[in-house]
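> Dropping a structure here in structure tokens format, bear with me for questions.
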Amino acid sequence: MTGHPLDRALEHLAAGEWQKAHEIVQKDESVTAAWLHGIVHILEGDLKNAEGWYRKAGRPFPGGDAAPGEIATARRALADTDAKT
């Protein structure tokens, strides 16, 4: 795992550890954290809450079975962001 909190949250999501990821993303007010927060609630099964977080992130809600694809997309997006800094 890397040192950035959102990278750690993403690793927890990939491992299915949505509770640990939730502890991280709920402390961050960024758009990326809102997206990851939405993924947390997809994994949890709280799709209504997930939809709200996707709205906050400015992203279309992908549906309840989209967590694996969303995690992969988020991983690429965070890697691209890390590469630019």
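> Scan (1) buried (at least 16 other Cβ atoms within 10 Å of the Cβ); (2) under 21 Å from A79 (Cα atoms) for the single condition V31 breaks and write down its number.
Checking V31 against (1) buried (at least 16 other Cβ atoms within 10 Å of the Cβ); (2) under 21 Å from A79 (Cα atoms), the one that fails is (1).
> Which residue is farthest from the chain's Cα centre (by Cα), if the candidates are limited to the range 53-80 and must be without any contact (Cβ under 8 Å) to a residue 12 or more places away in the chain and not in a loop (DSSP other than H, G, I, E, B)?
Out of the qualifying residues, it is D80.
> Just the residues that are of a type in the set (D, E, K, R), part of a helix (DSSP H, G or I) and farther than 16 Å from L78 by Cα, please, taken from the range 7-22. Lay out the reasoning, then the answer.
Filtering the range 7-22 for residues of a type in the set (D, E, K, R) gives 7-8, 11, 17, 20.
Restricting the remaining residues to those that are part of a helix (DSSP H, G or I) gives 7-8, 11, 20.
Of everything in the range 7-22, just one residue is of a type in the set (D, E, K, R), part of a helix (DSSP H, G or I) and farther than 16 Å from L78 by Cα, namely K20.
> Hey, could you check the range 23-52 for residues that are assigned to a helix (DSSP H, G or I) and of a type in the set (D, E, K, R) and say which is nearest to R8 (Cα to Cα)?
Step one: of the range 23-52, the residues assigned to a helix (DSSP H, G or I) are 23-25, 31-44, 47-52.
Add one more test, that the residue is of a type in the set (D, E, K, R), and what stays is 23, 44, 48, 51.
Values: E23: 11, E44: 18, K48: 25, E51: 22 Å.
This residue is E23.
> Now a separate question. Could you list, in sequence order, all residues of the range 62-72 that are within 18 Å of L10 (Cα to Cα) and touching a helix residue (DSSP H, G or I) at 6+ places or on another chain (Cβ under 9 Å)? Before you say what the answer is, go through the steps one by one.
Going residue by residue through the range 62-72, those that are within 18 Å of L10 (Cα to Cα) are 62, 64-72.
Answer for the range 62-72, where residues must be within 18 Å of L10 (Cα to Cα) and touching a helix residue (DSSP H, G or I) at 6+ places or on another chain (Cβ under 9 Å): P62, G64, D65, A66, A67, P68, E70, I71, A72.
Throughout, read-outs are computed from the coordinates displayed, never taken from laboratory work. All of these numbers come straight from a predicted model, not from anything done at the bench. Every residue, glycine among them, receives a Cβ derived from its backbone with ideal geometry; neighbour counts consider all protein chains shown.
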